[in-house]
Amino acid sequence: MNIVGLSAGLICFAFIALWVNDELSYDKFNAGYDRIYRLVSVEKRAANVTESAMTSAPMAKALLSDYPEVENTVRMKMREEIVTHNNQQVLQSGILLTDPSFFNVFSYHLIKGNEAAALREPFSIVLTESSAKKYFGDKDPIGKTLLLNMYDSTGYGVNYTVTGVMPDAPKNAHFTFNMLASFKTIEVVHPDALTVDGWGDGSFYTYLLLKKGVDGKAFSNKITWFYEKYVGDLFKLWKPVYSYRLQPLSDIHLRSHLQNEIAANGSITQVYIFFTIGIFILLLAAINYTNLATARSAGRAKEVGIKKVAGAGRQQLIFQYLSESVFTAIIALLLSFLLCILLQPAFYQLTGKELSLFSYPLLISFLFAVTIFLGVISGIYPALILSAFKPATVLKGSFKSSNKGILLRKTLVVSQFVITMILITGIVIIYSQMSFIKNKNLGYNKDALLFINENGNTDVVKGYAAFKNDVLKNSLISGMARSNSLIVGGLSNGGAETIDNKGNVLQVNTSRMRIDPDYLNVYGIKLLAGKNFSLQSSHDSIRPVILNEMAVRKFGWKNNEAAIGKPFTMGDTKGVVIGVTNDFHYASLEQPIQPLTIYPVDEFFSRITLKIGITKANDAVSYIQKIWKQHFPSALFNYGFVSEQIKAQYLAEERFSKVFLCFSVLSVLIACLGLYGLISYTIFQRTKEIGIRKVLGASANSIVAILSGDFLKLILLACFISMPVAWYAMHSWLQNFAYRIHLSWWLFLTSALLVLLIALITISFQSIKAAMANPVKSLRTE
């Protein structure tokens, strides 16, 4: 039992340490890790302040030429596009458009091709080894072409030439990719990206490599309005609104939650939580091992007495106890190594991280040191105490555990269940929050919504109306709409100008989406005031705009009706508010709802959404696909469900909750294992007392109550001690969500009752067995 408990604790700690170490290792493979920074835009409007990871294309070159502190810069843009090869179409994710300096700022290298020249020309691509094998097999891809629907004027694709091959991107980076494309392509296709107009297009990522010795924080303060000399008269308008700062590469993966992140980031809070759980489990295993070792040592008192009578010295006995304890601990360590190998596939399935304990010799050394330490600590107490016994006293049978020994074990039991209570509370609250997320009303009907990615195909744009007419002939499809984005995962944002209640000019920042007149009905979004768009709205000289309730509140207008007719200018385009919708969530519940501007989509769009019959979803999909192929035989039918996209937003949280549950359950089992061992030892020590009580008429229930009572009091004490710690830990975790559950008293009561129930079941098994035993067997030697 001792070996199993310690081995389980070491396994859990090892896996948690691997996970934590991997999270902390992100981006550290870069040689200039401590000198790489990301440019962040800060936008201050009357209603709010937003920070975005995206900036404009001309900024990289401006910073490089104007500031001697900058060694190099690189621009990036992430895309997902259709790739055609051998008449096969694939929707390829992870296409990163970037500069040749990418290889100088970050520590990536080519295995084929020239790093300086590979991305110099437009329409050039560099493939990772996996992508090269995917499209070209074992053939050399250099000089060959792939057809990409990316930055082409025809809408049917353009050939990109393969100029290099590189190893697959490391998984422990805050962005990964499957191929690199030349940023020069953007400059050729959209030359205005580098003009004054380009300074207002914040849809790119900019990274800087600072020279050695440059203070990043001081330099960040220096570049607040570095764009002044490039934007002319616009600077007077932009200065109160737009500023810039630098974000260290080391802060991105775990501490950054800006708008428009290049990829989903981790959470430093989760790292702290798992690190704490790892320490807790190691402590549980240590306490459990020490507790059982010291308790069982008293059962060997007669053995010590006999050995002393036979001539054994105290030092011999101390060495024996210590060596036995250390040897037992080492067996547990070896067993944990074996189980780590066997459980590695399950760990990958649970966390998505392919990590091996034997790739981290430092962790193995630490586990070995902890094991030896526990072996010595758990062995030294019985070694010193038992070796000091007088043989005559022990052999008379008058030896009992000392008050100090009993107090030590009680303290260890309380400590174990303080940790257990904290973890059980964590499970209850995390699962309550995840249930809240799954069931929260998002402000629209997310079920039975199928979306199709248009992927820039010209045929789809031109033939949408005919396709819609044919699709809606089937009763399984009740609605169809176009938009420029999906309602999940966040939207782009931009500035606008309107007026407040007194007619004063108001500079505001809102999220943006473009939709057609059918969109609100398809999604079940309610129009609370005003009217919807018409089919001709996209051609109106004054653009009609619909806002959400949050915008009305943030802009200080009296009510929804007061918003109607307000001017609303975006850039050079004048607009007017014609309607107000209910608030709905277009980002994850980690972010609060922001003011939203909805305006008409023109002939170009990127998403088609269809409302289908949920009971016959497969039939509906088959029918839509058949009509799609009839109208657009050359276009890829790439679809998904809105509900699945929403679920995918919380993949990290779901994984976190599962990992937390697994390790918490294991820690509870370790604690129960220790409690089971202690109650067994206690019953062994009190066997004669139980027999006498039964002879004197005590009932089985009263004996169970006596045996269980002492332990349950200790566990109840542990529950009270743990509650403030559990509240603080879970309160901190919940701060990651803008919409969260309230930490009610019943959540902690539920946790306490669960702990007491688990403990009671553990104790009762042995207590009932002892209470039902025949007293004759325990008293026959008296």
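The values are calculated or read from the model by the stated rules, or taken from the named source; none is laboratory data. Keep in mind the model is a prediction, meaning the values are calculated, not measured. Positions of Cβ are generated from backbone atoms using ideal geometry, with glycine treated the same way; all protein chains shown enter the neighbour counts. For the accessible areas, the whole protein counts, side chains as well, though only heavy atoms, and no ligand, DNA or RNA atoms are used. Shrake-Rupley method; radii C 1.70, N 1.55, O 1.52, S 1.80 Å.
Condition (residue is open to solvent by 20 Å² or more (accessible area, probe 1.4 Å), aliphatic (A, V, I, L, M), touching an Asp or Glu at 6+ places or on another chain (Cβ under 9 Å) and more than 25 Å from Gln349 (Cβ to Cβ)) applied to the range 609-620: is it met by at least one residue? Checked the range 609-620: at least one residue is open to solvent by 20 Å² or more (accessible area, probe 1.4 Å), aliphatic (A, V, I, L, M), touching an Asp or Glu at 6+ places or on another chain (Cβ under 9 Å) and more than 25 Å from Gln349 (Cβ to Cβ).
Scanning the range 211-231 for residues that are touching a Lys or Arg at 6+ places or on another chain (Cβ under 9 Å), assigned to a helix (DSSP H, G or I) and open to solvent by less than 90 Å² (accessible area, probe 1.4 Å) yields Gly216, Ser220. Can you name every residue in the range 629-663 that is out of contact with any Phe, Trp or Tyr (no Cβ under 9 Å at 6 or more places or on another chain), hydroxyl-bearing (Ser, Thr, Tyr) and either at pLDDT below 80 or assigned to a helix (DSSP H, G or I) (or both)? Within the range 629-663, Ser643 is the sole residue that qualifies. Inspect the range 102-123 for any residue being closer than 20 Å to Asn30 by Cα, among the hydroxyl-bearing types (Ser, Thr, Tyr), within 31 Å of the chain's Cα centre (by Cα) and modelled with pLDDT of 90 or more and give the result as yes or no. Yes, some residue in the range 102-123 is closer than 20 Å to Asn30 by Cα, among the hydroxyl-bearing types (Ser, Thr, Tyr), within 31 Å of the chain's Cα centre (by Cα) and modelled with pLDDT of 90 or more. Within the range 455-487, being under 19 Å from Glu81 (Cα atoms) and not in a strand (DSSP E or B) holds for Asn455, Gly456, Asn457, Thr458, Asp459, Val460, Val461, Asn484, Ser485, Leu486.
Scanning the range 452-469 for residues that are open to solvent by 40 Å² or more (accessible area, probe 1.4 Å) and not basic (Lys, Arg) gives Gly456, Asp459, Ala465, Ala466, Asn469. Pairs linking a residue in the range 682-709 that is within 24 Å of Val413 (Cα to Cα) to a residue that is among the polar types (S, T, N, Q) and surrounded by 15 or more Cβ atoms within 10 Å (Cβ to Cβ), with Cβ atoms under 6 Å and 6 or more positions apart or on different chains, are Ile683/Gln766; Thr687/Ser778; Val704/Ser767; Leu707/Ser767; Ser708/Ser767. Reported count of residues in the range 626-645, each being open to solvent by less than 80 Å² (accessible area, probe 1.4 Å) and of a type outside the set (Phe, Trp, Tyr), is 10.
Residues in the range 154-172 that are of a type outside the set (Asp, Glu) and either in a loop (DSSP other than H, G, I, E, B) or modelled with pLDDT under 90 (or both): Thr154, Gly155, Tyr156, Gly157, Pro167, Ala169, Pro170, Lys171, Asn172.
Might you check whether a residue that is open to solvent by 50 Å² or more (accessible area, probe 1.4 Å) and without any contact (Cβ under 8 Å) to a residue 24 or more places away in the chain occurs anywhere in the range 109-120? Checked the range 109-120: at least one residue is open to solvent by 50 Å² or more (accessible area, probe 1.4 Å) and without any contact (Cβ under 8 Å) to a residue 24 or more places away in the chain. When you scan the range 196-216, how many residues do you find that are in contact (Cβ under 8 Å) with a residue 60 or more places away in the chain and either among the β-branched types (Val, Ile, Thr) or farther than 19 Å from Lys229 by Cα (or both)? Going through the range 196-216 one residue at a time, the tally reaches 12. Comparison of Ile703, Ile761, Ile768, Ile683 shows that the only residue that is at pLDDT 80 or above and more than 33 Å from the chain's Cα centre (by Cα) is Ile761. Only a single criterion out of (1) open to solvent by 40 Å² or more (accessible area, probe 1.4 Å); (2) over 15 Å from Ala551 (Cα atoms); (3) modelled with pLDDT of 90 or more is not satisfied by Pro517, namely (1). Pick from the range 128-170 the residues that are free of Cβ contacts under 8 Å to residues at least 12 places away in the same chain and over 17 Å from Thr84 (Cβ atoms): which of them is surrounded by the most Cβ atoms within 10 Å (Cβ to Cβ)? Going through the qualifying residues, I end up with Lys133.
If you check Ile377, Ile331, Ile385 for being in a helix (DSSP H, G or I) and at pLDDT 90 or above, only one passes: Ile331.
Please go through the range 520-539 and give me each residue that is charged (D, E, K, R) and surrounded by 16 or more Cβ atoms within 10 Å (Cβ to Cβ), ordered by number. Within the range 520-539, no residue meets the criteria. As a summary of the residue check, Thr687 satisfies the conditions (1) open to solvent by less than 80 Å² (accessible area, probe 1.4 Å); (2) under 17 Å from Leu407 (Cα atoms); (3) not hydrophobic (A, V, I, L, M, F, W, C) except for the one numbered (2). Determine whether Ile598 is under 33 Å from the mean Cα position of the chain (by Cα) and part of a strand (DSSP E or B). Yes, satisfied.
The residues of the range 710-724 that are without any contact (Cβ under 8 Å) to a residue 60 or more places away in the chain and either touching a Leu at 6+ places or on another chain (Cβ under 8 Å) or not in a helix (DSSP H, G or I) (or both), listed by number, are Leu712, Leu716. Looking across the range 237-274 at every residue that is of a type in the set (D, E, K, R) and part of a helix (DSSP H, G or I), the one that is most open to solvent (accessible area, probe 1.4 Å) is identified as Arg255. Can you find a residue in the range 177-186 that is open to solvent by less than 50 Å² (accessible area, probe 1.4 Å), more than 23 Å from Gly113 (Cα to Cα) and touching a residue at least 60 places away in the same chain (Cβ under 8 Å)? No, the conditions are met nowhere in the range 177-186.
Within the range 131-153, the residues that satisfy the criterion of being at negative phi and in a loop (DSSP other than H, G, I, E, B) are Asp138, Lys139, Asp140, Pro141, Ile142, Lys144, Asn149, Met150, Asp152, Ser153.
Evaluation of Leu234 against the conditions (1) in contact (Cβ under 8 Å) with a residue 40 or more places away in the chain; (2) over 31 Å from the mean Cα position of the chain (by Cα); (3) open to solvent by 10 Å² or more (accessible area, probe 1.4 Å) shows that the sole unmet condition is (1).
Answer with yes or no whether Pro68 is surrounded by fewer than 18 Cβ atoms within 10 Å (Cβ to Cβ), in a loop (DSSP other than H, G, I, E, B), modelled with pLDDT of 90 or more and more than 29 Å from the chain's Cα centre (by Cα). Criteria met by Pro68. Only one entry of Tyr135, Tyr108 meets the criterion of being among the hydroxyl-bearing types (Ser, Thr, Tyr) and farther than 30 Å from Pro248 by Cβ, and that entry is Tyr135. Considering only residues in the range 5-53 that are assigned to a helix (DSSP H, G or I) and touching a Lys or Arg at 6+ places or on another chain (Cβ under 8 Å), the one that is surrounded by the fewest Cβ atoms within 10 Å (Cβ to Cβ) turns out to be Asp22.
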